[in-house]
1. For segment 35-66, which positions are among the charged types (D, E, K, R) and out of contact with any Asp or Glu (no Cβ under 6 Å at 6 or more places or on another chain)?
2. Out of the residues in segment 170-215 meeting the condition of being β-branched (V, I, T) and more than 18 Å from A151 (Cβ to Cβ), tell me which one is surrounded by the most Cβ atoms within 10 Å (Cβ to Cβ).
3. Of the residues A68, A151, A103, which single one is touching a Lys or Arg at 6+ places or on another chain (Cβ under 9 Å) and either surrounded by fewer than 22 Cβ atoms within 10 Å (Cβ to Cβ) or under 28 Å from D235 (Cβ atoms) (or both)?
4. Kindly state which strands (runs of 3 or more DSSP E) lie completely within segment 253-315 and contain at least 2 residues that are touching a residue at least 24 places away in the same chain (Cβ under 8 Å), out of contact with any Pro (no Cβ under 8 Å at 6 or more places or on another chain) and aromatic (F, W, Y).
5. Of everything in segment 74-97 that's in contact with a Gly (Cβ under 9 Å, 6 or more places away or on another chain) and among the polar types (S, T, N, Q), which residue is surrounded by the fewest Cβ atoms within 10 Å (Cβ to Cβ)?
6. Limited to segment 158-209, what total is found for residues that are within 23 Å of Q129 (Cβ to Cβ), polar (S, T, N, Q) and not in a loop (DSSP other than H, G, I, E, B)?
7. Assess whether A196 counts as being under 21 Å from G312 (Cα atoms), hydrophobic (A, V, I, L, M, F, W, C) and out of contact with any helix residue (DSSP H, G or I) (no Cβ under 6 Å at 6 or more places or on another chain).
8. In segment 269-290, which residues are in contact with a strand residue (DSSP E or B) (Cβ under 9 Å, 6 or more places away or on another chain) and farther than 17 Å from G44 by Cα?
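Nothing in this text is a laboratory measurement; each read-out follows from the coordinates by a stated rule. Computed from a prediction, not measured in an experiment: that's the story for all the values here. In this analysis, Cβ positions are derived from the backbone assuming ideal geometry, glycine residues included, and neighbour counts consider all displayed protein chains.
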Amino acid sequence: MSRRTFCCVGIMGLLAASGASGQESASPAPQQLQVAATVAFLEGPTSDSDGNVFFTDLNGGRILKLAAEGGRVTTYREPSNRANGLLFDPEGRLLACEGGDRAQIPPRVTRTDMKTGQVEVLADNYQGQRFNSPNDITYDGKGRLYFTDLAGGAVYRIDPDKKLTRILARPEIDRPNGLAISPDDRTFYLIEANQAEGGPRMIRAYDLAPDGTVANMRVFHNFYPGRSGDGMCIDSQGSLYVAAGLNRTRGTSETLATKAGIHVFSSSGKLLDFFPVHEDSVTNCGFAGPDLKTLYVTAGKLLLKMQTTVAGTRR
């Protein structure tokens, strides 16, 4: 297993300090520190063709941009309509899964023309029923988009003509989160992330047919009873890089059986490598750089990066 670690490239947090009176006194009874506030929760890293990395801050309602030159972090869009998963499509347009401001704008999937800034709504309902909270998105070699509605328990496909099709739904699946498609378009991967006792915490694999439907489900990897995967990306050799695990329990039935970090699986399901992340919660990852050999990872308030030996994909 590798012992390489990530380099921190962005921190947004709340620091607190306490003063001392200067007089010695008896040590207080030991107390356990608890989280009083969380001011940033990062998700959805993706890179444009120039190497700029875009990612979301769910708590702050922003889409952020890490510049390829200089490494400056700026706000690209605020408010973001609670954007979560992001991805650039083959034409360089920014795809976003938006959880929605229910009082104003519904949950939806959008596409932004980066030259004009025009935002196009690709889908905001299925057969008249609103989505719950679109979570993550990917595409295949024919330009079809696939996205998950985690709490809604469904996976959808958007064809180039914008036709929307639901390809998976309860009870076949439960709480779909991250998703990926193999470089040869033959395998569709889907993360199940149910925190409840007995709930599925796994990666499902399906055969992806030429018409964009899926079949022949099998369990690719089971994380239970630990925390399941959240987001994932895939490299040019078909290996999955999965953000999963916890460093500390969080009041759910999830145990610490899954180590927190990036778990790298071959296309056959073999664990090839593991890169630990010491920040909770590790949420997602994506490749960037001119050779797509820089892996960016979102974890809590941090955006991390590391070099890989195999080139990634933009999916």
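1. Answer for segment 35-66, where residues must be among the charged types (D, E, K, R) and out of contact with any Asp or Glu (no Cβ under 6 Å at 6 or more places or on another chain): E43, D48, D50, D57, K65.
2. Out of the qualifying residues, it is I203.
3. So the residue among A68, A151, A103 that is touching a Lys or Arg at 6+ places or on another chain (Cβ under 9 Å) and either surrounded by fewer than 22 Cβ atoms within 10 Å (Cβ to Cβ) or under 28 Å from D235 (Cβ atoms) (or both) is A151.
4. Strands (runs of 3 or more DSSP E) meeting the threshold: 271-276.
5. Looking at residues that are in contact with a Gly (Cβ under 9 Å, 6 or more places away or on another chain) and among the polar types (S, T, N, Q), I get T75.
6. 2
7. no
8. Within segment 269-290, G269, L271, L272, D273, F274, F275, P276, H278 qualify.
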